[in-house]
Amino acid sequence: METRLIKDSTGFASLEAFWNRLVAGSVGNTCHSTFEWLFTWWKHFGADRRLLLIAAYEDSVPVGLAPLYVDACAAGFRNLHFIGQGLSDYADFITPRDRPDVTEALVLALLDLRSSWDGMDLEEIPAQSPNKALLDRAIEEGRVPAVWQTTVRCPYLPIEGRWEAFYGTMGKGFRHEVRNKLNRWNNLNKGRRNGLELRYVDRREVDNVFVDEVVALSDERRSADGHRSPFLNHPDQEFLREVLPLMGRRNQLRVGELRSGDALLAFMLAYHWQGVVYTWNTQYDPVYAAYSLGRIALVWLAEQSFREGCHELDFMRGEEPYKFEWTTLCRTNLALRTERTTQPAGEPQTPRGRGAVQVVEGERST
């Protein structure tokens, strides 16, 4: 097995043909490890950062990836991060489930590059990842200068059986609330010549017109109650304007919309990868807050996921109360972080691992 360091966007792009196949068979098999998500993130946020993407090869074919970059912090302290960190809910080494030797090769290659970084800040690694055991061993041996910290829990719902049977378990109070809000909406608009008929739209692809609607809706919500949204942060918004249409074209997007006429009143934006629907962002028009349109959008998106034959609804990171109306199951995310007392580069470092890392460079493009 050989490892190669990819240092520029050209080299990063050359891995596209292999990337998602590796993700699908990996321990880090989530929507936020896909090529679409990570390469687009790097295009938008990589300009002031140094790519440190390590690929493991067998017979000239990639078998594992360590999608990392180095960011200079205060006083020149250089931390390792996962590509996508900040906007990604999950991150990990992209390595086969039954090949710990691939992860070990990537970690050893990373240690070979110890003069390129001072510390680690690797966020949102699932606690159940088998890669954790290998990293634990490296920590115990003093080769990885970092400790584990718990970051957040991620509720999830296995999808089993028929929707009607599951929805019946949600409790009378929950179902009554949804039915009551829909009845109130219908009664309010009954008989109006231009009544606000509520309709659900199952959207699989988006464009800039849709993003404009989401931005406007998010801005109204922020004005009403201060609710934050990545669509109102311009670097994040520009990233989303590119990545969402791309993921839609590749069947990696699910959006449940509630509309009245042409007006967008609420939405639940989710990603779709390998039979899992990942709910990521929701919003509703604050004028209609009394009708719980966000909850209704989630109910109809969940029903759609059941009927589509998906096997899990992942609510992703965060412990908002509404998620626990659906499930009691949670996964825990961890961060591998270095204390700021780690010795700076230039002083004696951790012993080198097996072999040297081959550096692959091309024309830099961010």
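Key figures for this structure:
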item: Rh by Kirkwood over Cα pairs, then Stokes-Einstein D for the chain at 0.692 mPa s and 37 °C, µm²/s; result: 148 µm²/s
item: Gyration tensor verdict on the stretch 1-139 (Cα atoms; rounded if a/c is under 1.5, prolate if a/b is larger than b/c, oblate otherwise); result: rounded
item: Low-density loop cleavage sites - trypsin sites (Lys or Arg not before Pro) in the stretch 82-151, where at most 15 other Cβ are within 10 Å (DSSP); result: Arg97
item: Accessible area per residue in Å² at 1.4 Å probe, computed on the stretch 1-149; result: 33 Å²
item: Whether the stretch 141-200 is rounded, prolate or oblate, judged on the alpha carbon gyration tensor where a/c under 1.5 counts as rounded; result: prolate
item: Kyte-Doolittle mean at least 0.0, axial Cα span of 20 Å or more - DSSP H helices of the chain; result: 293-308
item: Overall form of the stretch 34-99 per C-alpha gyration tensor (a/c, 1.5; a/b vs b/c); result: prolate
item: Accessible-area composition of the stretch 112-252, carbon plus sulfur, in percent [1.4 Å probe]; result: 46 percent
item: Theoretical ellipticity at 222 nm over the chain - DSSP helices of four or more residues, -39500 (n - 2.57) apiece, nearest 500; result: -10500 deg cm²/dmol
item: Euclidean distance of C-alpha centroids, the stretch 226-261 and the stretch 5-28, integer Å; result: 24 Å
item: Spatially close lysines, pair count over the chain: Cα under 20 Å, gap of eight or more or interchain; result: 5
item: Ellipsoid equivalent to the stretch 120-160 - semi-axes via the Cα gyration tensor, in Å; result: 26, 12, 6
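The values are calculated or read from the model by the stated rules, or taken from the named source; none is laboratory data. The shown structure was predicted, so the numbers you read here are calculated from the model rather than taken from an experiment. Cβ atoms come from the backbone with ideal geometry, glycine included; neighbour counts cover every protein chain shown. Accessible surface is based on the protein model in full, side chains and every heavy atom, while ligands, DNA and RNA are left aside. Shrake-Rupley method; radii C 1.70, N 1.55, O 1.52, S 1.80 Å.
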